[in-house]
1. Select from region 362-418 the residues that are on the phi > 0 side of the Ramachandran plot and modelled with pLDDT of 95 or more and list them in ascending order.
2. Please enumerate the residues belonging to region 33-60 that are among the acidic types (Asp, Glu) and within 11 Å of the ligand (Cβ to nearest atom).
3. Which residue pairs have Cβ atoms closer than 6 Å, lie 6 or more positions apart in sequence or on different chains, and pair a first residue in region 114-135 that is in a strand (DSSP E or B) with a second residue that is of a type in the set (Ser, Thr, Tyr)?
4. Name every residue in region 136-169 that is farther than 19 Å from CYS69 by Cα and in a loop (DSSP other than H, G, I, E, B), in order of residue number.
5. Identify all residues within region 380-417 that are more than 15 Å from the ligand (Cβ to nearest atom), assigned to a helix (DSSP H, G or I) and not small (Gly, Ala, Ser); write none if there are none.
6. Filter region 305-353 down to the residues that are charged (D, E, K, R), surrounded by 15 or more Cβ atoms within 10 Å (Cβ to Cβ) and closer than 24 Å to VAL260 by Cα, then identify the one that is modelled with the lowest pLDDT.
7. Take region 146-171 and flag every residue that is of a type in the set (D, E, K, R) and surrounded by fewer than 20 Cβ atoms within 10 Å (Cβ to Cβ).
8. If you go through region 321-351, how many residues are among the hydrophobic types (A, V, I, L, M, F, W, C), under 30 Å from ASP239 (Cβ atoms) and in contact with a helix residue (DSSP H, G or I) (Cβ under 9 Å, 6 or more places away or on another chain)?
Amino acid sequence: MKTIVLENQKSPIFIYREADRCLLCYDPPCTRNCPAHIDIPGFIYHIRSGNFEAAYRKIKSANPFADTCGYVCPDENLCQKECIRGLIDEPIRIRELHSYVTETLGYRDVIEPVRLKGKKVAIVGAGPAGITAALKLIESGYEVHIFDRNGIGGIPSAEIPLGRLPSEAVQRDIMALKRPGIKVYDGKEIKSLTELEGYDAVLLAFGLVERDLKIPGADLPGVIGPKELLRSAREEKTDFSGKRAVVIGGGNVALDSAYVLKEKGAHVLIAYRRELKYAPSWTKERVLTFLKGVEFLYLVSPTEILGRDRVEGVRFVRMRLEKADESGRPRAVPIEGSQFVIEADVVVPAIGETAPPYFPEVRRDERGFILVDEKGRTSKEGVFAAGDLTGEGGTVVEAVTQGKRAAHAIAEYLGRSS
Ligand code: SF4
């Protein structure tokens, strides 16, 4: 029988031993499978030789949000999944290694000062995509003005539960914005290109809005959107002691909502319309939520939120699965006469998000996301988009990659038009 030994993954012994196990592959599959293309064998080699400063530079210059990714990256689906060492015994714990380096060194500036070229880029949205693009553009000599109505840092600084991502990690990633050539407009909302006249290029990188639950009772007091819930939970404002909470949805936002409700004292049930294996959440997050004591109910869909002056329960119908729909997952269809009620004081509909209808000047796809080509260019010349609003990706490291891609395309565009 295999014995599982729980180790302290932040101890130097663990880190050096993991670094020593790396095969330092030529053409490493881990780097290819990291969306930010961190030179993984390169930084591990520096750890082995004790040069943490060089390891830090390699990590942060490829991924400005490496501190955040050190906590929330789904490494088992990305870099670690392709680790060749996994064919021998266990894959190298890559995320833990880079997290150890960034935490040990704290914040360091990895951007060399450059002479500004006299052109200015507006970035709308200060999440991982927008901030990454800002840092890459300043490296290329372009001045950046970055706007965000919800504050700086996007989802990592406002919505990921503190139990999963300490705020110090995000703050270290954001710190790089404090430099000449980058101006931050915290709290400023921009909704159309006419407000951005005078800029040489524009990058749209703002966040998504929640989809509405279109059933009777969805506007009753006690129905709380996941964004509102997660933001208020980070600010320690909330207490759900003794409340019965139902979270509707099967994605990571549903799991995060359940996690914070449980932390704040509620009895929590997640209700999802398909089976667990079709849920769009990560296995590791599901296990954490399960261990936290959250209950799961599958193959159910809400038909009505019940209550007179506020939420008192949810009426569900049981579902069965039929052949795959356009998402590739089986279609969930209601079973006639199978309705039942679950009592609840709080309901959180975490059923997906879409891009808000700002910037009507650029084209969108049929789902409402902003259309971009392979370089991140929108239908309007000089306007680019990156991050969740393009409907691609959804993880922090993928947003970073899109920010890098857009910054590259903007520099190419401005270089041509000079
Ligand atoms: S950023 Fe994510 S995918 Fe890239 S090396 Fe780190 S954990 Fe792996």
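1. Once the filter is applied, which keeps residues that are on the phi > 0 side of the Ramachandran plot and modelled with pLDDT of 95 or more, region 362-418 yields GLY376, GLY382, GLY387.
2. Going through region 33-60, the residues among the acidic types (Asp, Glu) turn out to be 39, 53.
ASP39, the sole residue that qualifies.
3. LYS120/TYR199; VAL121/TYR142; ALA122/TYR199
4. Matches in region 136-169: SER140, GLY141, TYR142, ARG149, ASN150, GLY151.
5. The first filter runs over region 380-417 and keeps only residues more than 15 Å from the ligand (Cβ to nearest atom), leaving 380-392, 405-417.
Those left that are additionally assigned to a helix (DSSP H, G or I): 388-390, 405-416.
Listed by number, the residues that qualify are ASP388, LEU389, THR390, ARG405, HIS408, ILE410, GLU412, TYR413, LEU414, ARG416.
6. Of everything passing the filter in region 305-353, GLU353 is modelled with the lowest pLDDT.
7. Answer for region 146-171, where residues must be of a type in the set (D, E, K, R) and surrounded by fewer than 20 Cβ atoms within 10 Å (Cβ to Cβ): ARG149, ARG164, GLU168.
8. From region 321-351, those among the hydrophobic types (A, V, I, L, M, F, W, C) are 321, 324, 332-333, 335, 340-342, 344, 346-348, 350-351; that's our starting set.
Now narrow it down to the ones that are under 30 Å from ASP239 (Cβ atoms): 340-342, 344, 346-348, 350-351.
Now restrict to residues that are in contact with a helix residue (DSSP H, G or I) (Cβ under 9 Å, 6 or more places away or on another chain): 346, 348, 350-351.
Residues that pass the stated criteria total 4.
The values are calculated or read from the model by the stated rules, or taken from the named source; none is laboratory data. Just so it is clear, the model here is predicted, and its values are computed rather than measured. For neighbour counting, all protein chains shown are included, and Cβ atoms are generated from backbone atoms with ideal geometry for every residue, glycine included.
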